[in-house]
Each structure stands twice: as C-alpha cells, then as structure tokens.
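Have a look at the structure below before the remarks.
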Amino acid sequence: MELLMVITIIGITTAMAVFQAQTALPSIHADSGMRVVVAQLNTARALAISERRNIEVDFVGTSVVQLVRHDIPNGTTVLSAIPFEYRVQFMQFSGVPDTPDAFGANGPVDFGNASTIMFTSDGTLIDQSGVPLNGTVFLGIADHVQSARAVTILGATGRIRGYRWNGVQWSER
C-alpha cells in the first residue's frame, strides 16, 4: 500500500512537471532566438573592429541572420548564416508596443529606410550611405505572444540590448 502511494505521488509530480515544462518551452525557444540575434550582432561588430572591414548584417527570409564581410578592394564574403530553431521567426505581435528604446516598430526588422546595415571598423552601425542608424529586430513564435522578444541596436555606439515581453511591458534581458 505504501509503495502504491509513493508511485502515485511520483506520477502526479511528474505530470505537473511535464505540464509546466510544455508551457515554458515557447519562452525558452524565443530566448534561444534572441541569443542568436545578439550573438550575430556582437560577432559582426567585433569582426568589423578587429578586421578593419565593414561587416554587413542581413536578416534573410523569416528566420536567418547572415554576416557578410566587405572585402577590399571589392567583393564580399559570407561569414555565417545562422537560422533560428523551434519555429522562432522575425515577427511582431499585434498589441505589443515598441521597446523602451523606441527605435521603431514598423516591421519585424526595423532600421528605418535602410536597405543595407553594417558595422564599421569603429563599431558604429551605419546604413548604405554611411549614416549611423538605430534599429530593432522583433522575433517570436506565432500564436505565443509571451514569446515576443526584441533586440535593439544604438548605431552611434553599437550598443545591443535584448528585451523580453512579459505580457504587460518589455524587460531588459
């Protein structure tokens, strides 16, 4: 009888843990996607400074962050193309406002009218005309608003910040 009670308690506890883990998975997966964006941006900035070359950052399709080095005297080299996992994609959720940095929320990847963004050898993020620019990358998993994440970049300094949406407001990671 005691063994049956222990097995029942273990079964109930396991069921509760599995349920809690499944509700937390979208948030964990979105954090993974945010870490990919932050890591790629940090890598691009560090490479631009160390190699003294412009490193372009491309947001390809709905789920790939690509880094491209601008070679001298001409040409380019793709350095990396990292896709998101677990259905994470560039996206915005309706009703979720811009981040506290307020760099833009006009699309999942918002760098104003810039067609190209790149880090320079001094760590500045610029557009195709060489003008420093700020921007925001929003991402998440469809139908899971709690998975909303954002990464902002302050162009003049190259500062990168990650944010999580908690259902009410953005909090810095």
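Look at the range 74-93 and say how many of its residues are more than 18 Å from the chain's Cα centre (by Cα) and not hydrophobic (A, V, I, L, M, F, W, C).
Within the range 74-93, residues that are more than 18 Å from the chain's Cα centre (by Cα) and not hydrophobic (A, V, I, L, M, F, W, C) number 4.
Cβ-Cβ below 8 Å, separation at least six or inter-chain, first residue in the range 125-146 and under 19 Å from Pro83 (Cα atoms), second among the acidic types (Asp, Glu) and open to solvent by less than 80 Å² (accessible area, probe 1.4 Å): which pairs?
Cβ pairs passing all conditions: Thr136/Asp98; Thr136/Asp101; Thr136/Asp110; Val137/Asp110; Phe138/Asp110.
Kindly evaluate Asp98 against the criterion of being free of Cβ contacts under 8 Å to residues at least 60 places away in the same chain, open to solvent by less than 60 Å² (accessible area, probe 1.4 Å), farther than 19 Å from Ala148 by Cβ and among the acidic types (Asp, Glu).
So Asp98 does not fit the description; no.
Matching residues to (1) open to solvent by 40 Å² or more (accessible area, probe 1.4 Å); (2) on the phi > 0 side of the Ramachandran plot; (3) touching a residue at least 40 places away in the same chain (Cβ under 8 Å):
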position: Ala30; (1), (2), (3): no, no, yes
position: Met34; (1), (2), (3): no, no, yes
position: Ala48; (1), (2), (3): no, no, yes
position: Arg53; (1), (2), (3): yes, no, yes
position: His70; (1), (2), (3): yes, no, yes
position: Val78; (1), (2), (3): yes, no, no
position: Pro83; (1), (2), (3): yes, no, no
position: Arg87; (1), (2), (3): yes, yes, yes
position: Phe90; (1), (2), (3): no, no, yes
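Condition test on Ile28, is it in a helix (DSSP H, G or I) and out of contact with any helix residue (DSSP H, G or I) (no Cβ under 7 Å at 6 or more places or on another chain)? Even if it seems obvious, please write down each step before you answer.
Numbers: in a helix (DSSP H, G or I): yes; out of contact with any helix residue (DSSP H, G or I) (no Cβ under 7 Å at 6 or more places or on another chain): yes.
Spelling it out, Ile28 is indeed in a helix (DSSP H, G or I) and out of contact with any helix residue (DSSP H, G or I) (no Cβ under 7 Å at 6 or more places or on another chain).
What number of residues within the range 55-68 satisfy the criterion of being in contact (Cβ under 8 Å) with a residue 60 or more places away in the chain and open to solvent by less than 40 Å² (accessible area, probe 1.4 Å)?
Matching residues across the range 55-68 total 3.
Output yes when any residue across the range 77-99 is closer than 18 Å to Leu133 by Cβ and not aromatic (Phe, Trp, Tyr), and no when none is.
Within the range 77-99 (the criterion being closer than 18 Å to Leu133 by Cβ and not aromatic (Phe, Trp, Tyr)), the answer is yes, since at least one residue qualifies.
Test each condition in (1) modelled with pLDDT of 95 or more; (2) exposed (fewer than 14 other Cβ atoms within 10 Å of the Cβ); (3) among the hydroxyl-bearing types (Ser, Thr, Tyr) for Thr43 and report the one that comes out false.
So Thr43 meets the others, but not (2).
Residue by residue, here is whether (1) under 21 Å from Arg52 (Cα atoms); (2) modelled with pLDDT of 95 or more; (3) surrounded by fewer than 17 Cβ atoms within 10 Å (Cβ to Cβ) holds:
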| site | (1), (2), (3) |
| --- | --- |
| Phe119 | yes, yes, no |
| Thr124 | yes, yes, no |
| Asp127 | yes, yes, no |
| Gly140 | no, yes, no |
| Val145 | no, no, yes |
| Leu154 | yes, yes, no |
| Arg161 | no, yes, no |
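Given the conditions (1) assigned to a strand (DSSP E or B); (2) touching a Ser or Thr at 6+ places or on another chain (Cβ under 7 Å), and given that Glu85 satisfies all but one, which numbered condition is not satisfied?
(1)
How many of the residues in the range 131-164 are under 26 Å from Thr120 (Cβ atoms) and not in a strand (DSSP E or B)?
Of the residues in the range 131-164, 7 are under 26 Å from Thr120 (Cβ atoms) and not in a strand (DSSP E or B).
The values are calculated or read from the model by the stated rules, or taken from the named source; none is laboratory data. Remember, it's a predicted structure, so these values are computed and weren't measured experimentally. Glycine also receives a Cβ, built like all others from the backbone with ideal geometry; neighbour counts cover every protein chain displayed. Calculation scope for accessible area: heavy atoms of the full protein, side chains included, ligands and nucleic acids excluded. Shrake-Rupley method; radii C 1.70, N 1.55, O 1.52, S 1.80 Å.
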